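These notes concern the structure reproduced below.
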Amino acid sequence: MHSAKNPRLPDPLKQPPVWAATCFTCTLLLMMGLFTASLKAQDKNPFSADPKAAKLGESQFRANCAFCHGLGARGGGRGPDLTRARKRRGNSDADLFRTINEGVPGTAMPQNGATQQGVGMTEEEIWQVISYIRSVERKADATAIGNAAHGKEIFNGTAGCSTCHMIQGKGGRIGPDLSATGATRSTDYIVESLRSPSRRLAQGISEAMKEFSQEYETVKVETADGQKFMGVVLNEDHFTFQMMDTREQIHLFEKDKLRSFEKSRESLMPVYDQKTLSDKDLQDVVAYLLAVGAQ
Amino acid sequence: MKSAFMKTGMRLALMAPLVLCGRLSNARAQVTPQRLLDSAKEPQNWLMYSGDYAGRRFSALDQINASNAAMLVPKWAYQTMAGGKFETTPLVVDGILYGTGQDNRAFALDARAGRPIWQYQRALAADIRPCCGRVNRGMAILGDKVFLGTLDAHVLALDAKTGSVVWDATAVDYRKGYSITLAPLVIKNLVLVGVSGGEYGIRGFIDAYHAATGERKWRFYTIPGPGEPGHDSWEGDSWKIGGAPAWITGTYDLATNTTFWTTGNPSPSNRGEGRSGDNLYSDSLLALDPDTGKLKWYFQFSKHDEHDYDATQVPVMVDQGDRHLILQANRNGFFYVIDRTNGKLEFANPFAKVTWSDSKDTSGVPIARKDASPTLEGNRVCPGAAGATNWMSPAYDPQTQLFYVTAREQCDVFSTAPQPYEAGHAYYGSAYFPNDDAVPFTGALRAIDPNTGKLKWEWRHPSPTWSGVLSTAGGLVFTGDAEGNFIALEAASGKALWHFQCGASVYSSPMSFAIDGKQYVAVAVGSTLFTFGLP
């Protein structure tokens with residue numbers, strides 16, 4: 001019954017050098033991702049002409065990806081619109097395979113099989129998902145309807161967006177950096193963020209093993225010595241929280257030492273309705289964000 | 001050469017009396033079936049996954065208590081250096097701690113110093129694709145062996161002193177989607193395990209292996225085959241791929257010689273089409289004869305489940321006078337009290353937000369609403385797919401007589417994603433999304449009075465957690481949160497007495513042990529096993 005295929009690692013006490021070597025290999029393997037080791041991307045989708053593959057890919061997509069990218073791949077709160085003709089991380093079949101298999105490090109886009117919740121996909125299944133994405137992709141991105149140059153002026157000028165948001169290293173800090181927003185969020189989502197900011201709050205810090213990201217909740221506090229601050233929550237646990245106030249000062253608090261602590265899901269971002277930002281100007285601002293995201 | 005040998009020999013000879021003296025105080029007798037039954041007599045040890053056969057996760061140690069918990073400090077830490085969820089509950093036997101880690105690591109440590117005595121890691125095939133992380137929840141021990149299940153669905157016996165593989169039994173072909181993640185349960189001279197794989201269209205089972213040889217004594221299929229009672233609760237051939245895995249450790253009642261196991265979802269988990277019927281014995285509590293694997297009775301929590309409401313929560317045995325009960329806070333949001341002599345429900349009360357059921361049958365069993373089924377466009381149901389609780393252990397404290405459970409308040413939008421069955425491929429038939437409400441999900445540790453099912457107190461977590469609960473005779477309960485805190489609460493009131501920031505979300509159930517008369521509490525977090533004690 002002892003299986004030769006699965007030898008136990010050498011006893012560390014008896015053979016330290018071998019153990020060390022084996023352990024190093026394990027770590028390497030892990031770093032490369034054991035799942036992915038067997039999946040070598042080929043250049044072309046072997047199922048590209050097969051409509052059945054797109055159908056199978058759709059159910060894979062619903063089960064594994066729709067959670068972030070939305071049911072029709074048109075983007076959700078957590079992941080970008082994948083029906084766009086131009087993909088930020090590369091457009092070829094091989095690029096898509098790589099993105100889906102390896103994820104996008106440093107973002108919420110997970111490595112295949114590494115979600116800690118679901119099941120990983122086989123190479124075949126990844127190609128099916130790619131067939132599905134191709135089947136819903138728009139042939140060409142409608143050239144952004146708005147005027148990006150004018151959008152930039154509004155962003156930095158009359159609308160005051162840049163007082164709270166950074167783009168490419170310039171601007172305020174109280175709202176999320178918007179340099180990648182045009183690429184990682186759907187247009188609908190961006191429009192909603194402006195017209196009704198409190199409907200869905202932007203996500204802030206995500207910790208490696210934590211299921212839910214911190215959101216940009218609004219917070220008001222009064223310290224024991226009577227100082228009052230208002231701002232956004234940077235992070236929070238049961239006992240402490242970390243915030244940035246509207247003057248961009250970071251404060252670190254223990255909750256039980258405060259006189260009062262009040263959180264709200266009313267966004268600190270003003271509502272931009274038709275009066276403060278016409279549909280036309282809104283289109284221009286969105287065009288600007290998309291243009292920045294495409295860079 | 002010769003002199004070196006002489007020197008060592010001399011030193012050994014000189015040290016022998018000292019060594020013996022040292023050993024006398026904590027003689028390492030082997031773990032016998034009787035010791036497992038009498039685990040209450042040795043509270044310094046933690047001899048099985050849930051601490052005792054009743055599944056109470058209660059430590060009778062009281063040196064750390066409500067009056068001094070605020071002084072707890074870290075004592076040592078052991079790092080696996082592995083990524084992913086670290087779910088183990090270690091065992092401690094006479095000063096040696098036995099734990100498992102991600103990717104089927106196993107280790108034995110000096111429980112006083114945290115220094116490893118041996119380490120093991122299984123060489124896993126590259127094509128294993130276990131659902132939900134490359135996790136393992138711990139080992140079982142008997143005689144000179146420790147036992148663990150593997151991600152490629154083997155059961156291993158390791159030599160407790162060296163970590164050498166003594167036997168390696170293949171439970172089933174992992175390529176069909178099976179894996180083993182639970183800590184085995186030893187009863188008499190048998191090692192009991194159940195399988196994971198409810199996401200693949202497996203046919204679940206519970207196995208018993210001879211501890212000495214690894215030979216399989218019996219197998220109980222959690223889905224009855226043709227001709228067996230319950231088989232007709234499946235449509236057509238759906239029983240062959242109907243899931244019903246058994247992936248949490250069971251409990252054992254000596255008085256009736258019964259072992260209690262719980263089962264998971266029918267497959268595909270979120271699509272009932274094609275498997276009409278109750279789908280026995282998915283989402284059930286099973287009472288088995290441990291010698292033969294014969295079913296004595298069953299109780300099904302969620303009939304024809306379409307929301308992944310696995311019943312894989314440790315079935316906790318509690319006696320109240322002459323009532324012999326099983327308590328279970330189920331993933332479906334109800335707290336069930338069941339007579340464990342016959343499987344009759346005493347009552348079921350929600351302990352978290354529930355929308356899938358709004359009525360009960362004549363015996364008080366909650367039944368699903370017709371309109372709670374997942375749809376193609378999506379249907380919002382509470383609890384969500386991760387459940388009102390999950391595999392993380394609850395605890396029962398015989399002193400406060402309260403049941404402590406981690407509750408998750410999360411609703412999801414359940415949508416179907418019809419998927420053909422293919423061996424070894426994901427087979428959920430579903431997609432689900434966190435609901436799009438403005439309100440964020442939360443969690444809580446809830447203390448429930450098992451007499452009424454009513455909430456006694458709760459400790460709110462900022463977000464849902466996957467930490468289990470330990471209760472101790474020191475009047476404490478320990479739990480962790482997704483924000484990385486490991487917390488001691490007063491068992492009677494839920495008041496926080498102490499916490500420590502471990503640096504990663506907690507995905508494990510804590511335990512306690514003692515060495516040299518000093519009590520420790522241990523919890524696995526991130527890639528680190530932490531132990532805490534008094535200064």
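One table, with the values for the structure above:
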| read-out | value |
| --- | --- |
| Strands (runs of 3 or more DSSP E) (entirely within the stretch B:246-359) containing at least 1 residues that are under 20 Å from the mean Cα position of the chain (by Cα) and buried (at least 23 other Cβ atoms within 10 Å of the Cβ) | B:251-253, B:258-262, B:284-288, B:295-300, B:316-320, B:323-329, B:334-339 |
| Answer residue from the stretch A:86-113, given it is small (Gly, Ala, Ser) and without any contact (Cβ under 8 Å) to a residue 24 or more places away in the chain and is surrounded by the most Cβ atoms within 10 Å (Cβ to Cβ) among those | A:103 |
| Index of the failed condition, residue A:253 passing every other in (1) part of a helix (DSSP H, G or I); (2) over 26 Å from residue A:178 (Cα atoms); (3) not hydroxyl-bearing (Ser, Thr, Tyr) | (1) |
| Identity of the residue in the stretch B:186-202, within 14 Å of chain A (Cβ to nearest Cβ) and aliphatic (A, V, I, L, M), that ends up farthest from residue B:309 (Cα to Cα) | B:191 |
| Residue list for the stretch B:483-504, restricted to those being closer than 16 Å to residue B:529 by Cα and either in contact (Cβ under 8 Å) with a residue 24 or more places away in the chain or of a type in the set (Gly, Ala, Ser) (or both) | B:484, B:486, B:487, B:500, B:502, B:503, B:504 |
| Yes/no for residue A:71 being within 18 Å of the chain's Cα centre (by Cα) and either modelled with pLDDT under 85 or small (Gly, Ala, Ser) (or both) | yes |
| Number of positions in the stretch B:109-120 that are crowded, with 22+ Cβ neighbours inside 10 Å and more than 10 Å from chain A (Cβ to nearest Cβ) | 2 |
| All positions within the stretch B:438-452 that are surrounded by 16 or more Cβ atoms within 10 Å (Cβ to Cβ), in contact (Cβ under 8 Å) with a residue 24 or more places away in the chain and not in a strand (DSSP E or B) | B:441, B:450 |
| Residues being surrounded by 14 or more Cβ atoms within 10 Å (Cβ to Cβ) and either among the aliphatic types (A, V, I, L, M) or without any contact (Cβ under 8 Å) to a residue 60 or more places away in the chain (or both) - total across the stretch B:368-382 | 7 |
| Residue in the stretch B:85-108 that is within 14 Å of another protein chain (Cβ to nearest Cβ), aliphatic (A, V, I, L, M) and not in a strand (DSSP E or B) present | no |
| Of all residues making up the stretch A:26-63, the number that are over 24 Å from the mean Cα position of the chain (by Cα), modelled with pLDDT of 75 or more and not aromatic (Phe, Trp, Tyr) | 13 |
| Single residue of the stretch A:202-234 satisfying the filter (modelled with pLDDT of 95 or more and either within 17 Å of residue B:506 (Cβ to Cβ) or outside any strand (DSSP E or B) (or both)) that is farthest from the other protein chains (Cβ to nearest Cβ) | A:226 |
| Any chance residue B:456 is more than 11 Å from every other protein chain (Cβ to nearest Cβ) and out of contact with any Ser or Thr (no Cβ under 9 Å at 6 or more places or on another chain) | no |
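Yes/no per residue for (1) touching a Pro at 6+ places or on another chain (Cβ under 6 Å); (2) of a type outside the set (Asp, Glu):
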residue	(1), (2)
B:357	yes, yes
B:364	no, yes
B:380	no, yes
B:388	no, yes
B:397	no, no
B:418	no, yes
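The values are calculated or read from the model by the stated rules, or taken from the named source; none is laboratory data. Because the structure is a prediction, the values reported are computed rather than measured. A quick note on method: Cβ atoms are made from the backbone with ideal geometry, for glycine too, and the neighbour counts reach across all protein chains shown.
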